[in-house]
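Q: Okay, here's the structure, questions in a sec.
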Amino acid sequence: MTEPPLTPPTELVGQLESYAASRGTPDQLAELLRPPRLGLRSTPSLSDCPGFWPSLAKVWQVEAGRLVQDEKDSIPAVTALAAFVLSLCTQDPANQESATTHIEPHLRRVLLTASSLTNLENDEYTTMTRVCCQSLVNLVTANDDLAARYFTQRLKDEKEDRLLQRLLASPDHGTLQAVLIFLLNSIHDDRERALLVATEPAGAAILDRLMVLVGALFEGETAEGIAHGDFTSDIFQISFKIIQQLISLDAFVPAYEGHALMPGFSISPTLVAMLKFLDGHLSLPQQATTLSSLALVPFLIRQLISLGSSVMDDKERTMDAADAATFQGVVLVLHCLVSVGLALDSQEGGERVEGGEAAEGEMVKGVENVVRLLRFSQTLMPPPTPRPVAPTSANGCDAPPSFASASSSAPPPSPEASAAVAQLQRLAAQFLGIVSFLPSFGVTSAMKSRSKAAQDKVRECGGLELLLTMCQIDERNPTMREHALFAIRSLLRNNQTNQDFVDCMKPQYRVGANGELFDLPPALRTG
């Protein structure tokens, strides 16, 4: 098929002026724009032609006005205009600047019309809205100076028009994808712009809408569907990259802590979604030990204490959906901490990363709360056999009382609840083992002090006794025994006080020189 002959720039300006004055048909506009659009890569920049951008802006103004008046024949005309601007702005900073000055106000007017609830559900508007959003993306892509100015202004305008939030309600995949790419490209590794999303009211509202969108799209998502590349998968991936930008640019914590909560709630669906993304980020070993990730440990400890206290303090009343979300938040925070701890402990050759020791020191502050959570979990899912009576602790205080007998009459939890409690128990045991762990080589005096402090704190809070009761096989939590044994080995290694504590209990095990627990022959067991 032969391409139409190229229109000289000066002639194109005249044709645009004529179209704007006579209000031609959409077909005429599409035919008018097609040759210059196809020839953009092989002809001099149209922006060099005097009057080009003002003339194009006049056509945009005409068609945007017709669209506002609900003249449906303007839809294909606006679509052609948006596709033309999209091509003009591709990898051309000068055109991006000119389009932002001359075209963006009319493009915004079109998108405000298209993003009404009625029009978002109207298939006639779908393609036009999608192409207009893609044009918006190309205004800022790979142009940091323009992105800094435009995105700042967009968030100011967002307070009034809520344009991005409206567009995030679109049922169209292409529109959602374009809006998310616009957000991602606007941040583009810039901390100042990331903080705008995190701290500005409009930025926080957009982030909240994004997390609600992700939750709605993936609530019923199946692993098989994602594996087959269903359309929501790339929405998830772009959203993940946006959150990763906030994490790497130290904007995640202000975004999370600045989120407004309803009175009496310690978490929300938005915060749960953010924690899920954070968990996914920290589950990547190469990400878990970066400075920005390690800097999150104090925040994670604060959330562990806050959410954990909320779960345990509300245990006397009937559990509802809010409690389930809080419980899920505790599990996610614990998993984040465990991921960081495991990544630090698995450095090749015992190499220490910058910020690692400070992060490990912060994690010790969470020991008491994790032991409380472990004890609380046994009120929800008691161990198979009663807990042995603990001896007086080394500091002269009685060890915390057992709750197993008090909860023996409680109704058994549902299978779903049992699985959640079992996961909490495994993560709690992993955490206690990690904070007290010492590698076999490359140990510094600071590492020894941190490990000893964690070991002693676990014992003083009653955690050692709790872990010993979890060394028995429990069909409801089959791998718990291995996690408990690993934690106990870390707690007993090079700690004579903890070893004596275990020896003073009714022995089911013999403590080895390096903290291992060996089964005693049945004849030597006292319990």
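The values are calculated or read from the model by the stated rules, or taken from the named source; none is laboratory data. Just so we're clear, the structure is a prediction, and the values are computed from it rather than from any experiment. Glycine also receives a Cβ, built like all others from the backbone with ideal geometry; neighbour counts cover every protein chain displayed.
Q: Going by the conditions given, is Arg149 surrounded by fewer than 18 Cβ atoms within 10 Å (Cβ to Cβ) and without any contact (Cβ under 8 Å) to a residue 24 or more places away in the chain? Break it down into steps so the answer makes sense when it comes.
A: Numbers: surrounded by fewer than 18 Cβ atoms within 10 Å (Cβ to Cβ): yes; without any contact (Cβ under 8 Å) to a residue 24 or more places away in the chain: yes.
For Arg149, the condition - surrounded by fewer than 18 Cβ atoms within 10 Å (Cβ to Cβ) and without any contact (Cβ under 8 Å) to a residue 24 or more places away in the chain - is met.
Q: Within the stretch 168-177, track down each residue that is under 24 Å from Leu249 (Cβ atoms) and buried (at least 23 other Cβ atoms within 10 Å of the Cβ).
A: Here is the first cut: in the stretch 168-177, the residues under 24 Å from Leu249 (Cβ atoms) are 168, 176-177.
Once the filter is applied, which keeps residues that are under 24 Å from Leu249 (Cβ atoms) and buried (at least 23 other Cβ atoms within 10 Å of the Cβ), the stretch 168-177 yields only Leu176.
Q: Out of Leu155, Leu107, report the one residue that is part of a helix (DSSP H, G or I), touching a Pro at 6+ places or on another chain (Cβ under 9 Å) and aliphatic (A, V, I, L, M).
A: Leu155
Q: State yes or no: is Arg154 modelled with pLDDT of 95 or more, charged (D, E, K, R), buried (at least 18 other Cβ atoms within 10 Å of the Cβ) and outside the structural domain of Val59 (by TED's automatic domain parsing)?
A: Values: modelled with pLDDT of 95 or more: yes; charged (D, E, K, R): yes; buried (at least 18 other Cβ atoms within 10 Å of the Cβ): yes; outside the structural domain of Val59 (by TED's automatic domain parsing): yes.
Yes: the conditions hold for Arg154.
Q: Which residue pairs have Cβ atoms under 7 Å apart, sit 6 or more places apart or on different chains, and have a first residue in the stretch 47-66 that is farther than 14 Å from Leu81 by Cα and a second that is surrounded by fewer than 16 Cβ atoms within 10 Å (Cβ to Cβ)?
A: Matching pairs, first to second residue: Ser47/Ala94; Cys49/Thr10.
Q: Can you find a residue in the stretch 75-90 that is outside any helix (DSSP H, G or I), crowded, with 18+ Cβ neighbours inside 10 Å and without any contact (Cβ under 8 Å) to a residue 60 or more places away in the chain?
A: Step one: list which residues in the stretch 75-90 are outside any helix (DSSP H, G or I), which gives 89-90.
If we keep only those that are crowded, with 18+ Cβ neighbours inside 10 Å as well, we get 89.
Then keep just the ones that are without any contact (Cβ under 8 Å) to a residue 60 or more places away in the chain; that gives 89.
Yes, because at least one residue in the stretch 75-90 is outside any helix (DSSP H, G or I), crowded, with 18+ Cβ neighbours inside 10 Å and without any contact (Cβ under 8 Å) to a residue 60 or more places away in the chain.
Q: Where the second residue is small (Gly, Ala, Ser) and part of a helix (DSSP H, G or I) and the first is free of Cβ contacts under 8 Å to residues at least 24 places away in the same chain and surrounded by 22 or more Cβ atoms within 10 Å (Cβ to Cβ) and lies in the stretch 203-214, which pairs have Cβ atoms under 8 Å and are six or more apart or on separate chains?
A: Listed by first residue and then by second, the contacts come to nothing, as the list is empty.
Q: Where the second residue is β-branched (Val, Ile, Thr) and buried (at least 17 other Cβ atoms within 10 Å of the Cβ) and the first is under 17 Å from Gly341 (Cβ atoms) and in the same structural domain as Phe431 (by TED's automatic domain parsing) and lies in the stretch 472-500, which pairs have Cβ atoms under 6 Å and are six or more apart or on separate chains?
A: Leu491/Val458
Q: Any residue in the stretch 161-178 that is within 22 Å of Val214 (Cα to Cα), assigned by TED's automatic domain parsing to the domain that holds Ala82 and not in a helix (DSSP H, G or I)? Walk me through how you get there before you give the answer.
A: So the first thing to find is which residues in the stretch 161-178 are within 22 Å of Val214 (Cα to Cα), and the list is 162-178.
Checking which are assigned by TED's automatic domain parsing to the domain that holds Ala82 leaves us with none.
Within the stretch 161-178, none of the residues are within 22 Å of Val214 (Cα to Cα), assigned by TED's automatic domain parsing to the domain that holds Ala82 and not in a helix (DSSP H, G or I).
Q: Here's something else I'd like to know. Among all residue pairs at least 6 apart or on different chains, which show Cβ distances below 6 Å where the first residue, located in the stretch 351-376, is closer than 13 Å to Cys461 by Cα and the second is crowded, with 17+ Cβ neighbours inside 10 Å and small (Gly, Ala, Ser)?
A: So the pair list comes out as Val364/Ala454; Val367/Ala454; Asn369/Gly308; Val370/Ala428; Val371/Gly463; Leu373/Gly308; Leu373/Ala428; Leu374/Ala428.
Rundown of residues vs (1) part of a helix (DSSP H, G or I); (2) at negative phi; (3) buried (at least 18 other Cβ atoms within 10 Å of the Cβ), yes/no style:
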| position | (1), (2), (3) |
| --- | --- |
| Leu467 | yes, yes, yes |
| Asn477 | no, yes, yes |
| Ala484 | yes, yes, yes |
| Asp500 | yes, yes, no |
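Q: Only one residue in Ser310, Ser293, Ser268 is modelled with pLDDT of 95 or more, of a type in the set (S, T, N, Q) and over 11 Å from the mean Cα position of the chain (by Cα), so which one is that?
A: Values: Ser310 fails: modelled with pLDDT of 95 or more; Ser268 fails: modelled with pLDDT of 95 or more.
Every option except Ser293 fails the conditions.
Per-residue answers, yes or no, for (1) surrounded by fewer than 21 Cβ atoms within 10 Å (Cβ to Cβ); (2) among the small types (Gly, Ala, Ser); (3) modelled with pLDDT of 95 or more:
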| position | (1), (2), (3) |
| --- | --- |
| Val340 | no, no, yes |
| Glu351 | yes, no, no |
| Gly355 | yes, yes, no |
| Met363 | no, no, yes |
| Thr385 | yes, no, no |
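Q: Next question, about the same structure. So the check is Cβ under 6 Å with 6+ separation or different chains; which pairs have a first residue in the stretch 174-193 that's on the phi < 0 side of the Ramachandran plot and a second one that's among the basic types (Lys, Arg) and not in a loop (DSSP other than H, G, I, E, B)?
A: So the pair list comes out as Gly174/Arg130; Thr175/Arg130; Leu184/Lys241; Ile187/Arg193.
Q: Give the residues of the stretch 427-454 that are under 32 Å from the mean Cα position of the chain (by Cα) and part of a loop (DSSP other than H, G, I, E, B), sorted by residue number.
A: If the condition is that a residue be under 32 Å from the mean Cα position of the chain (by Cα) and part of a loop (DSSP other than H, G, I, E, B), then Ser436, Phe437, Leu438, Pro439 are the ones that fit.
Q: Filter the stretch 266-285 for residues that are farther than 19 Å from Val338 by Cα, of a type outside the set (A, V, I, L, M, F, W, C) and crowded, with 17+ Cβ neighbours inside 10 Å and give the result.
A: If the condition is that a residue be farther than 19 Å from Val338 by Cα, of a type outside the set (A, V, I, L, M, F, W, C) and crowded, with 17+ Cβ neighbours inside 10 Å, then Ser266, Ser268, Thr270 are the ones that fit.
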